[in-house]
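In what follows, a single structure is set out as structure tokens and then discussed.
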Amino acid sequence: MVGEQSKKIIIDTDPGIDDAMAIFVALNSPEVDVIGLTTIYGNVYTTLATRNALHLLEVAGRTDIPVAEGTHKTIMNGTKLRIADFVHGKDGLGNQNFPPPKGKPIEKSAPEFLVEQAKLHPGEITVVALGPLTNIALAIQLDPEFSKNVGQIVLLGGAFAVNGNVNPASEANIFGDPEAADIVFTCGADVIAVGINVTHQVILTADDRDKLAASNGKLAQYLCKILGVYYSYHLDAYEIEGVYLHDPTTILAAFLPSLFTYTEGVVRVQTNGITRGLTLLYNNRKRFEEVTEWTDKPSVKVAVTVDAPAVLKLIMDRLMES
Ligand SMILES: O=c1[nH]cnc2c1ncn2[C@@H]1O[C@H](CO)[C@@H](O)[C@H]1O
């Protein structure tokens with residue numbers, strides 16, 4: 001669905017059950033035109049993320065959308081990755097053993113595609129980053145103009161003034177590549193961070209899932225098939241009969257920003273020690289005597305509150321219309 005004034009978005013994704021939901025919400029939202037998917041490790045390894053991205057576009061009948069494969073390593077060339085297959089299933093999509101997709105990724109790598117599109121449409125592209133931030137950091141390193149050319153970077157990442165979900169300090173996407181995250185937070189682009197302090201407020205209950213399953217929405221029904229593993233994980237880890245809608249909530253922040261409130265400040269990422277992956281926002285309330293690691297760095301916006309009932313309703317409506 002493409003509206004007249006629709007925003008061009010590129011989704012950087014590691015599908016992932018909530019990624020699948022976010023991609024489908026975006027494809028059914030007239031406010032945005034999805035011009036590409038780029039893939040990254042996180043919920044699964046990058047190779048599987050690419051396969052799943054192609055598969056999801058086939059399910060949605062949108063094979064016209066290009067998929068560019070991202071990096072298999074962290075920005076520091078690390079190959080020991082933390083993969084959250086215990087959250088999403090071995091295949092990333094709820095252990096359904098879907099057949100391999102027919103399509104192939106494009107020749108360009110994810111960072112090359114991001115740089116190319118930002119240059120082609122200066123100020124117009126919104127990158128929605130749903131996994132670790134390595135591809136975006138590589139795009140920044142590849143082209144010094146990328147931060148200026150990109151319209152906005154809306155990222156799911158961080159745990160602002162709350163515990164993380166990998167450990168008490170760190171949220172999964174930031175923990176996946178803290179050095180890359182720090183590059184993105186300080187790159188000078190218009191960055192909006194949606195952390196788990198916000199996404200943990202948007203919960204799809206078992207009742208909501210039943211409503212999706214009972215609808216005629218083709219994509220809603222597909223999602224209900226793959227959601228089982230995600231529910232089991234939440235019951236086990238959080239003792240809730242519902243799932244957090246991290247990625248779909250972040251997608252909405254990209255085109256319906258008024259559903260959220262924000263604060264602004266410099267965010268740095270801890271890259272060492274037991275708090276590796278911690279996101280720390282300087283709230284500008286004190287002028288420090290010393291020069292700090294936050295001094296003279298560009299500010300970003302960090303989501304603080306969310307109209308959770310409105311976000312949940314929109315996500316469900318868009319999926320049930322599919
Ligand atoms: O406990 C966890 N470990 C790793 N990844 C997780 C966990 N819980 C959720 N996610 C995944 O990480 C992103 C949000 O942090 C989401 O993509 C979510 O599916």
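Quick note: the coordinates plus some simple rules give every number you see, no bench work behind them. None of these values were measured; they are calculated from a predicted model. Every residue, glycine among them, receives a Cβ derived from its backbone with ideal geometry; neighbour counts consider all protein chains shown.
Using a Förster distance of 35 Å, how high is the FRET efficiency between Ser232 and Thr63, based on the Cβ-Cβ distance and rounded to 0.05? Don't jump to the answer; show the numbers that get you there.
Details: r = 31 Å, r/R0 = 0.90.
Calculated transfer efficiency: 0.65.
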For this session: Run the numbers on the stretch 7-321 and let me know its relative contact order in percent, using alpha-carbon pairs under 8 Å that are six or more apart.
Result: 19
For this session: With label points built 7 Å along Cα→Cβ from the Cα atoms of Thr275 and Lys104, find their separation and express it in nm.
Result: 4.8
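Tell me which trypsin sites (Lys or Arg not before Pro) from the stretch 153-240 have a DSSP coil assignment and no more than 12 other beta carbons within 10 Å of their own. Each step should come with its number before you reach the end.
Details: sites: Arg209, Lys211, Lys218, Lys225; in loops: none.
Listed in order of number, the matching sites amount to none.
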Exercise. By average Cβ neighbour count within 10 Å, what is the ranking of 305-311, 131-137 from highest down?
Worked result: 131-137, 305-311
Exercise. Considering the chain as a Gaussian network with a 10 Å cut-off on Cα pairs, which listed residue, Gly164, Gly70, Gly78, attains the greatest mean-square fluctuation?
Worked result: Gly78
Problem set entry | Helix-only mean residue ellipticity at 222 nm for the chain, each DSSP H run of n ≥ 4 adding -39500 (n - 2.57), per residue, nearest 500 | -10500 deg cm²/dmol
Exercise. Along the Cα-to-Cβ line of Lys148, 7 Å from the Cα, sits a label point; which residues in the stretch 111-128 have backbone N less than 15 Å from it?
Worked result: 118-124
Exercise. Going down the list Lys90/Lys148; Lys104/Lys313; Lys73/Lys102; Lys7/Lys218, which pairs span over 28 Å between their C-alpha atoms?
Worked result: Lys90/Lys148; Lys104/Lys313
Problem set entry | 21 Å Cα-Cα reach of Lys286 towards lysines, excluding residues that sit fewer than 8 places from it in its own chain | Lys297, Lys301
Problem set entry | Packing-based ranking, highest mean first, of 200-207, 49-56 given that Cβ atoms within 10 Å are counted | 49-56, 200-207
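Taking 0.36 nm per residue of separation and subtracting the Cα-Cα distance, what length does fully extending Lys73 through Glu241 add?
On the way: separation 168, 0.36 × 168 = 60.48 nm, distance 3.47 nm.
Stretched fully, the Lys73-Glu241 segment lengthens by 57.0 nm.
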Exercise. Within the stretch 137-160, what residues put their amide N at less than 19 Å from the label point 7 Å along the Cα-to-Cβ vector of Thr261?
Worked result: 160
Exercise. Which residue fluctuates the most in the chain, going by a Gaussian network model with Cα springs under 10 Å, if the choices are Glu241, Glu31, Glu179?
Worked result: Glu241
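Asn97 to Val162: FRET efficiency via 1/(1 + (r/R0)^6), r the Cβ-Cβ distance, R0 56 Å, to the nearest 0.05?
Numbers: r = 36 Å, r/R0 = 0.64.
Calculated value: 0.95.
Using 1/(1 + (r/R0)^6) with R0 = 41 angstrom and r between the beta carbons of Asp85 and Arg285, what's the FRET efficiency to the nearest 0.05?
On the way: r = 41 Å, r/R0 = 1.00.
Efficiency at R0 = 41 Å is approximately 0.50.
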Seminar exercise, completed: Over 28 Å (Cα to Cα) among Lys80/Lys108; Lys119/Lys225; Lys8/Lys108 -> Lys119/Lys225
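Mind checking the stretch 94-155 for GluC sites (Glu not before Pro) that DSSP puts in a loop (not H, G, I, E or B) and that have at most 13 other Cβ atoms within 10 Å? Please list the in-between numbers first.
Details: sites: Glu107, Glu112, Glu116, Glu124, Glu145; in loops: Glu107, Glu124, Glu145.
The qualifying sites are Glu107, Glu145.
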For this session: Give the residue from Thr47, Ala206, Leu227 lying farthest towards the positive end of the charge dipole for the chain; charges sit on Cβ (+1 for Lys and Arg, -1 for Asp and Glu) and the dipole is referred to the Cα centre.
Result: Thr47
Seminar exercise, completed: Projecting the Cα atoms of Gly151, Ile274, Leu120 onto the charge dipole of the chain, where Lys and Arg contribute +1 and Asp and Glu -1 at Cβ, the residue farthest towards the positive end is Ile274
